[in-house]
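Readers should treat all values here as calculations from the given coordinates under stated rules, not as data from a laboratory. Since the model is a prediction, treat every value here as computed from it, not as a measurement. Heads up, the Cβs are rebuilt from the backbone with ideal geometry, glycines too, and the neighbour counts pull from every protein chain shown.
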Amino acid sequence: MSDRENILNAVRKALESTGDAKSACTLPELSRPRLEGTQETLIGRFIEEVEAVSGRVHRLANIDSAARQLETLIRAGKTESLAVSRDPIARAISSRVLGRHVVVDPEDNQDAIAEADMGLTGVRLAIAEHGTLMLAPEDDHGRLAALLPPHHVAVLAVSQLVGTLAEAIEHLASDSQPATITFVSGPSRTADIEQTLVIGIHGPALLDILLIEDTQEEDHPS
Amino acid sequence: MSTIHDIRSSHFKSDAREAIANVELRGALARAQEQSNSKRDRAIQRIADDWESMRDQASAIKTWTLENLGEQLELFERNAVKNGIQVHWAEDAENACRLVNEICADAEARSVIKSKSMVTEEIGLNHTLEAAGLEVVESDLGEWIVQIAGETPSHIVAPAIHHTRESIHRLFEETLGRKIPTDAESMTMVAREVLRQAFLRADVGITGVNYLVAETGSFLVLENEGNQRLTTSLPRVHIAVSGIEKIVPRLADLDLFLRMIGRSGTGQVVTTYQNLFCGPRRSPDEDGPRDMHMVLVDNGRTKLLASEKRRQTLQCIRCGACLNICPVYRQIGGHAYGSVYPGPIGSIFTPQVAGLHKASQLPFASSLCGACKDVCPVKIDIPGILLDLREEIAEHGEGQRDQETELKMKRESPAFRRWSSLMQSPRKYRMSGALVRTMALIASHTSLFDRFIPPLSAWRSTRSVPRPEGGSFRARWRRRTEANR
Amino acid sequence: MRVQLFVTCLVDQFRPSVGEATVEILERCGCTVEFDDRQTCCGQPAFNSGHHEEAKAVVARTIDLLAEWLDEGGDAIVCPSGSCSAMIAHSSELLADDPVRSEKARRVAERTWELTQFLIDEMKIDDLESSWKGTITLHDACHGLRDLGIRDQPRRLLAKVKGLEVKECASCDRCCGFGGTFSVNYPLISGAMADDKIEEIDASGVDAVVSGDVSCLMQLEGRLQATNSRVKALHLAQLLVERDAGS
């Protein structure tokens with residue numbers, strides 16, 4: 001017999017031996033927590049939670065102001081090369097800083113992304129209660145731009161913000177499941193040396209979130 | 001046959017003695033416990049009103065799932081296969097290791113990168129892979145420290161908790177053969193640099209699993225460092241290894257467990273990264289693994305299902321809260337338990353999985369204080385199961401005990417038979433009470449007779465013998481009643 | 001109220017004054033205290049060591065005795081130990097093979113209280129008009145704390161004691177390391193656990209460490225003496241009974 005059959009038989013035999021225990025137990029209904037309040041409350045909570053785990057949120061009116069914020073981050077970080085995912089908003093923003101910086105396309109080889117100083121990506125959703133970004137690399141055709149560079153800049157529209165993890169999971173259940181989903185709450189961290197918190201071990205050490213009110217593309221200033 | 005890799009729990013007594021003599025270790029453990037517990041308390045404080053009902057729900061979901069384990073596993077398998085995940089089953093450690101080895105061989109792998117996984121420690125996977133000539137690198141910082149030190153993890157969440165900054169620094173300098181700064185941040189950055197190269201050359205990435213989701217055929221793995229994201233993004237092949245008990249029925253169940261496990265384990269609201277895997281890369285222009293394998297491991301777990309009480313052991317979500325609160329673990333650390341699963345949960349898991357004869361001391365290595373039961377997010381009755389195992393070992397365990405336990409039972413069993421007969425007769429109780437008081441009085445003055453009474457010398461090895469007050473309560477009560485008459 | 005004192009074997013043999021203090025406190029609260037001298041032990045030492053057959057015989061006998069007294073019109077069974085009270089609470093489960101006895105055990109458990117639990121929860125008395133001059137710290141005994149939920153009761157009683165200062169230690173609810181046969185099977189671990197608490201107790205500069213269980217107190221006292229500490233180990237009843245005493 002195969003291991004599969006042996007295991008499943010052993011499970012059945014063990015559970016049968018305890019008799020009617022099964023009937024006594026039902027699968028509990030889940031409480032689906034929601035956050036009360038207006039969108040402004042959600043945004044407030046989101047910012048508070050992201051900051052609590054050492055991330056930063058920049059509230060921005062539109063794509064132009066997001067581009068200016070990106071410029072600021074690039075200058076402050078002395079960023080030389082930028083990996084940009086295929087997310088349309090991320091592309092729109094990066095196109096405004098194009099020409100002045102090396103932009104790596106994630107479809108280029110892995111080594112180029114690994115060399116980049118900054119990764120710019122979109123997100124599928126964000127969760128206010130835990131300050132979490134939900135990344136679905138499939139949307140962006142790649143997971144490395146948000147992972148290999150030491151600085152991750154995520155672009156998020158206000159309309160993408162939900163209150164709770166339960167809501168985010170409901171969204172996920174109603175969509176077709178992407179190959180992978182990563183929930184990100186803050187930059188990479190470890191405390192394996194004497195419980196001393198160190199930010200930025202394997203993943204990005206810096207997480208900046210560009211939270212944009214209005215992501216409508218205006219006429220591109222040429 | 002089910003087993004736990006490198007188990008040496010039958011040396012518990014001497015290993016614990018060594019640990020207690022290690023002042024540096026005990027200092028590190030006490031500091032770590034203080035910090036973990038205060039972080040945990042703070043994190044739970046914010047949702048204190050809901051915490052107890054969350055525990056009830058989490059426990060009920062796990063109970064239901066275990067009672068329907070066969071169906072849930074088959075459902076997971078069906079859905080996972082639809083998602084393009086190749087599902088394998090392994091009855092024991094040996095078969096699990098063989099399976100992983102074969103997958104690596106098929107992939108013509110030379111180098112394997114791993115992210116922290118207890119079940120792969122349990123089955124001794126690294127050992128097998130290395131024997132087959134593969135390079136195996138642990139990428140979680142704590143696991144890497146333990147790996148280069150040639151040790152096993154001493155805590156299920158914080159593997160290198162027994163190390164101090166100084167000992168890690170010595171280790172890094174010896175291993176890397178160069179001078180490095182002594183602060184935690186610089187040492188961490190050195191590890192990042194070294195491990196990044198290992199990620200880039202790895203052909204296969206191996207992870208554990210926190211939750212298998214039956215209804216979607218996907219699985220979730222938690223981490224903080226990003227090493228697991230790298231492990232599952234860069235190599236061509238991703239192999240996940242999971243105990244069969246790690247299953248939950250619904251995707252929505254994750255919400256509850258994710259809100260609990262970070263708070264309970266590390267005092268975080270949620271862990272930094274939570275990775276949900278639903279299959280290999282879908283289109284050629286994506287990155288991520290081309291092949292995804294799931295190895296479902298029994299290794300003795302099904303044995304635990306036959307008893308409703310002991311089955312609870314399998315509810316464990318490996319948060320480590322019971323280790324962080326345990327006053328015994330605080331004194332001796334993880335290695336003394338001689339199993340990759342130390343502390344309270346290990347003391348019930350190890351003997352049931354590896355067999356009583358391999359770990360019969362562990363159920364007795366507890367003062368039954370019950371702190372573990374109070375903190376357990378899924379409400380496992382650890383003291384109750386310890387008692388259950390003690391009964392099996394004491395009353396039905398002949399031939400299944402290690403040497404130390406056998407010796408103990410040789411003394412204890414007849415003693416408790418005598419005790420039982422004394423305690424059933426007020427007259428015999430009175431007489432033996434007087435004798436014990438007299439002996440205690442003598443013993444509080446002199447240790448001359450200790451060698452004839454082993455428990456007395458054991459007591460005195462760390463404590464004075466408190467002097468009895470003189471006379472019994474019942475005698476005083478009788479005098480009082482007579483005087484009042 | 002007719003109260004049966006379940007004195008426990010340790011108090012009976014080693015700390016009879018704790019039994020006497022318990023009687024005096026109960027009488028001060030207006031109870032009529034009785035003591036059946038056929039009492040022996042709650043059965044816990046054997047039960048916790050895995051010798052359940054040996055324990056069952058003792059537990060059954062104790063339960064019969066206490067049930068009989070309740071049937072004769074007794075009101076409450078009070079015990080100066082959280083650990084032994086908890087054992088009585090668990091007896092019904094241990095005796096599950098014998099449904100009649102098990103039911104009896106359930107009835108006995110319903111009418112059994114640990115001393116401070118009885119005073120606060122049942123008698124609703126927190127002021128025993130006691131006075132004790134000095135500084136103490138509390139040790140929450142594990143079974144009372146975790147099996148019976150006793151945390152506030154002793155603190156409320158101590159708050160009313162004149163002249164007394166209570167200093168809380170962060171480790172007040174951490175196990176002292178006694179654990180029955182654990183204390184002699186693993187004396188090094190057990191002693192290290194006691195040390196861990198004693199360090200903090202000693203540093204806090206109190207006169208005494210106070211607890212509701214004689215077993216914990218003998219463990220702490222044994223270690224305090226071995227380390228030449230000046231801190232004494234006192235049972236709650238011994239402190240609460242005092243009307244004019246100092247350290």
Paired Rg and Dmax values of the range B:425-484, which use every Cα atom, in angstrom:
14.3, 45
Using helices alone, what [θ] at 222 nm do you get for the protein assembly as shown, with -39,500 (n - 2.57) per DSSP H run of 4 or more residues, divided over all residues and rounded to the nearest 500?
-14000 deg cm²/dmol
Net charge, A:PRO187 excluded, C-beta distance under 11 Å - Lys, Arg +1, Asp, Glu -1
0
Counting only other chains, what is the mean number of Cβ atoms within 10 angstrom of the Cβ of each residue in peptide B:186-192?
5
Taking only C-alpha positions in the protein assembly as shown, Rg and Dmax in angstrom work out to 30.8, 112
Checking the a/c ratio against 1.5 first, then a/b against b/c, what shape does the Cα gyration tensor give for the range B:9-303?
oblate
Among B:MET1, B:MET294, which comes first, second and so on when ranked by fewest other beta-carbon atoms within 10 Å?
B:MET1, B:MET294
Partner lysines for C:LYS104 [C-alpha distance under 22 Å; skip if fewer than 8 residues away on the same chain]
C:LYS56
Rounded to whole Å, give me the distance from the Cα center of the range B:145-168 to that of the range A:28-89.
36 Å
Take a quick pass over the range C:117-247 and tell me how many lysine pairs come in under 20 angstrom between Cα atoms, counting only ones 8 or more apart or on separate chains.
10
Per residue of C:166-178, other chain Cβ atoms within 10 Å number on average 3
In what order do C:GLU20, A:GLU5, B:GLU404 fall by count of nearby beta-carbon atoms within 10 Å, going from fewest to most?
A:GLU5, B:GLU404, C:GLU20
With a cut-off of 8 Å between alpha carbons and a minimum separation of six or more residues, what is the relative contact order of the range C:59-194 in percent?
22 percent
Dividing the mean separation of Cα pairs under 8 Å (6+ apart) by the residue count of the range C:2-121 yields a relative contact order in percent of 28 percent
For the range B:11-153, just say rounded, prolate or oblate: build the C-alpha gyration tensor, square-root its eigenvalues into a ≥ b ≥ c, call rounded for a/c under 1.5, and beyond that prolate if a/b exceeds b/c, oblate if not.
oblate
The exposure ranking of C:VAL214, C:VAL184, fewest beta-carbon neighbours within 10 Å first, is C:VAL184, C:VAL214
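Rounded, prolate or oblate for the range C:50-97? Axes are the square roots of the Cα gyration tensor eigenvalues, ordered a ≥ b ≥ c, and the cut-off for rounded is a/c under 1.5.
Since a/c reaches 1.5 but b/c is at least a/b, the shape of the range C:50-97 is classed as oblate.
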Need the list of lysines near B:LYS358 for cross-linking: C-alpha distance under 26 angstrom, and skip anything on the same chain fewer than eight residues off.
A:LYS13, B:LYS13, B:LYS116, B:LYS246, B:LYS303, B:LYS309, B:LYS373, B:LYS408, B:LYS410
